[in-house]
Amino acid sequence: MLLARNAGKGAAPDYQRHQPEQTLLYQIIEEYYPEFQASLEANGRTLPRYVQREFEDFLTCGRLEFGFMRVRCEDCKYERLVAFSCKRRGFCPSFGARRMAESAALLVDEVLPQEPMRQWVLSFPFQLRFLFASYPELMGQVLGIVYRTLSTHLIKKAGFTKTAAQTGAVTLIQRFGSALNLNIHFHMLFLDGVYAEDAYGKMRFHRVSAPTIGELSSLAHTLSQRIARFLERKGLLERDAENSYLLLEQSDEDVMAPLHGHSITYRVAIGSQLGRKVMTLQTQPSKSQNSGLERVAKEAGFSLHAGVSAEAHQRDKLEKLCRYISRPAVSEKRLALTTNGKIRYQLKTAYRDGTTHVIFEPLDFIAKLAALVPKPRANLTRFHGVFAPNSKHRVQVTPAKRGKKPDKPEAADTDWLDKTPEERHHAMTWMQRLKRVFNIDIEVCEHCGGHVKVIASIEDPDIIEQILKHLKQKAAKADTNHHTQPPERAPPLTPSLFGPSQTRLFN
Ligand SMILES: [Zn+2]
Ligand SMILES: [Zn+2]
């Protein structure tokens, strides 16, 4: 059983201020991931490589032992180390938080114009969630159907035809529900209106009013019908008078399918409780049915919600919304251990029946994390209409004023947010971006206010070890000298430790 490991330890030296290995999530994964793997292997199964890498990289994320950047003040030469992060999209809260900040900043600064925006959220029946987890390419095709349906609605409502006007949307595909369940659903940030060219060839924006409940219901109905027909044509769905069935070929080799299935249906995926409902805690009285004021329609397991919008001038609200929909799957703040060693996770908001927490056996918790890992190359951010990279209007409409790149026909399917900053932006410097993303001001020295520069990236294990050893000795020495330096100040590194041949320098 896990016990708090850091109890009674002295204050950490400054160069290790952030210690991911001290977090509960880290300790749970470190302790139970090997056991989870062993129990799969006992049944002749292994996790796919992409899921293994997610766990392995998580255990190195943010730890100086596995590499870091050296950051130095150009004036006083004060140095700091910034550890690498895992850059994985499944469940790492630390990289997830950076990705969230970066995605939101990018969308607000470079993509979304100063026009009213509305969030449309579409969630799916269990069977479709399962299908999307296994076949991300189908999810992309379904998203195309959803975009066409909603954009046609907006264009008609604005009084135009599809040849005369265009709208646009950015979709962030969220894979999780608040109980760590796999719940693949679409958050679409739609222009709350359309663009049409005026007599001078300039794009003008025409606002439409918020959807009525009647419009939402009819759209939800249309969507469910169109998606069902699409799946029928693909030979994946069979319908009779009462029911519809998904026809999925499943091989026994597929380790992920049962993990996905159990996660989607809130069931235990491993151990003696296999197949039972995940345990929940109800600590609040149940609420009566919804007030009727919510802008949401439900149809055959689909639910379409369009109640949140931001006016053109509400850029902060828009950025908050962008952050909300790109937030990480796991919140460390809501994670706790019960007295008998189970894992308790608090819901973001209580369910209507008063449920406030879910409780997992540790191995089942690992199974739930595994189910949240997206397949490699599954593209989770999509641009449609005027925001599509191949749109001829994008250059006029988006704040970054970037146009189409004819040499990249696949551009519509590439994930902007997964590219390196160098590849996709020119407006912000790398430092400005780091500042926004890491929420640390590494451009200005915290001691003298001088200009700070990233000088190297240290990745060689031998050099890493050498540097950390050196720093520990220095820190110990400073400790016995009764803090001749301010306690939060790391000792400057000796330049002789770093030769250019040993480090990869940033430009
Ligand atoms: Zn300085
Ligand atoms: Zn990470």
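Below is a table of values for the structure above.
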{"read-out": "Rule-of-thumb Rg ratio for segment 36-118 [Cα; 2.2 N^0.38 Å; N residues]", "value": "1.62"}
{"read-out": "Amide H contacts of ALA456 (H built 1.01 Å from N, under 5 Å, at least 5 apart or other chain)", "value": "ARG70, PHE506"}
{"read-out": "Computed log₁₀ I(q)/I(0) - Debye formula, equal Cα scatterers, no solvent, segment 114-253, q 0.11 Å⁻¹", "value": "-0.49"}
{"read-out": "Segment LYS477-GLU311, length gained on full extension (0.36 nm per residue, minus Cα span)", "value": "54.1 nm"}
{"read-out": "Segment 52-175: C-alpha gyration tensor shape, a/c 1.5 cut-off, then a/b vs b/c", "value": "oblate"}
{"read-out": "Segment 209-220 - phi-based ³J(HN,Hα) in whole Hz, Karplus 6.51/-1.76/1.60, Gly and Pro as x", "value": "6, 4, x, 7, 4, x, 5, 4, 4, 5, 5, 4"}
{"read-out": "Ranking of LYS287, LYS453 by count of other Cβ atoms within 10 Å, fewest first", "value": "LYS287, LYS453"}
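Here, each number is a calculation from the coordinates, and none is a lab measurement. No experiment lies behind these values; they were computed from the predicted model shown. Counting neighbours? That spans all protein chains shown, and the Cβs are built from the backbone with ideal geometry, glycine included.
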